[in-house]
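Input: a single structure, listed below in structure tokens.
The values are calculated or read from the model by the stated rules, or taken from the named source; none is laboratory data. In this text, all values refer to a predicted model and were calculated from it rather than measured experimentally. Heads up, the Cβs are rebuilt from the backbone with ideal geometry, glycines too, and the neighbour counts pull from every protein chain shown.
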Amino acid sequence: MYHREGYLRSGGYRLHYLLWGGRGPKLVLLHSMGMDAHAFDQLSEALKDECQLLAFDILDHGDSEKPKEPIGLLEHTEVIRGGYRQLGFYPNILIGHSIGGMMGMILAAEHPDEIMGLVLVDIAPFEPGKRPPRPPPPEYFKDEEEARSYLIQRYPKFTPEALENRMKYAFTRDELGRLRLKGTGDAIRPSLTIDLWPYVERIKAPTLLIIGSESDLVSGEAVERMRRAISSLEVAVVEGATHMVPQDKPAEFERCIRSFIKRFPGS
């Protein structure tokens, strides 16, 4: 299990985090929409003897604070930055899945002295307004069976371990005993329309782009544009994975991460 769990305040918001390991390169882990810091539990457990790992719940997810008003991606990114700086977790290798990767693009461009390596998990800049909206989840689930059925339908390729992780950490019970998702992402969803190409074009850090073969989120055109923008870009395609690469194919995901971090001193 994780080495230490805690909370801190950054940018006026309460952030929840998990810390693993005690030596080796520092890895900051930022999850995708709908997940939380525990989404990286399997990776963190595998790497904890070789790396120091810090996983955050982004705002409106897990046990971090839900903003009262919508928050922009740039402000949200600085909140996360304030968190890892408070914990002395820099320079780091940042591993960002989906919106976590969007934050990583901004951090690598704006703070190159803090991000020595960047892993983007199934995410590239996209044209604002082109992503189809995802239907909102149910307001509540009457019991665990109903919640589990929802997760299986929503994430059909999750491993059994990933499914149990979500059952353990994704829900809270209301006063009637019903299960509700801890975070919906409503307060941060509007921020996803930002144009990230100007940031990508300034990234100098070694960068790995991991793509799920069954995901359509990263187009071939986007990959080629990223190759032109980031001279050090590596691309790894994980066969059989959807957008949820870490949960669909955890062993393959771990191999990709291990191969990448070998490039850095102290690893």
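Just a few scattered comments:
- Hits in region 224-238 - residues which are surrounded by fewer than 16 Cβ atoms within 10 Å (Cβ to Cβ), closer than 18 Å to Gly117 by Cβ, at pLDDT 95 or above and more than 20 Å from the chain's Cα centre (by Cα): Arg227
- Selection from region 155-166 of residues that are surrounded by fewer than 14 Cβ atoms within 10 Å (Cβ to Cβ) and free of Cβ contacts under 8 Å to residues at least 40 places away in the same chain: Pro160, Glu164
- Of the residues making up region 169-185, those that are surrounded by 12 or more Cβ atoms within 10 Å (Cβ to Cβ) and part of a strand (DSSP E or B) are Phe171, Thr172, Leu179, Arg180, Leu181.
- Residue selection: Glu221 fails the criterion of being acidic (Asp, Glu), surrounded by 12 or more Cβ atoms within 10 Å (Cβ to Cβ), without any contact (Cβ under 8 Å) to a residue 24 or more places away in the chain and assigned to a helix (DSSP H, G or I).
- Selection within region 21-45 - more than 30 Å from Pro136 (Cα to Cα) and surrounded by fewer than 20 Cβ atoms within 10 Å (Cβ to Cβ): Gly22, Arg23, Gly24, Glu45
- Tabulated pairs, region 58-72, first modelled with pLDDT of 95 or more and hydroxyl-bearing (Ser, Thr, Tyr), second crowded, with 17+ Cβ neighbours inside 10 Å and in a loop (DSSP other than H, G, I, E, B), C-beta under 7 angstrom, 6+ apart or interchain: Ser64/Asp57; Ser64/Ile58
- Among the numbered conditions (1) exposed (fewer than 11 other Cβ atoms within 10 Å of the Cβ); (2) at pLDDT 95 or above; (3) in a loop (DSSP other than H, G, I, E, B), the only one that Pro132 does not meet is (2).
- Some residue of region 11-26 being part of a strand (DSSP E or B), within 21 Å of His243 (Cβ to Cβ) and touching a helix residue (DSSP H, G or I) at 6+ places or on another chain (Cβ under 9 Å): no
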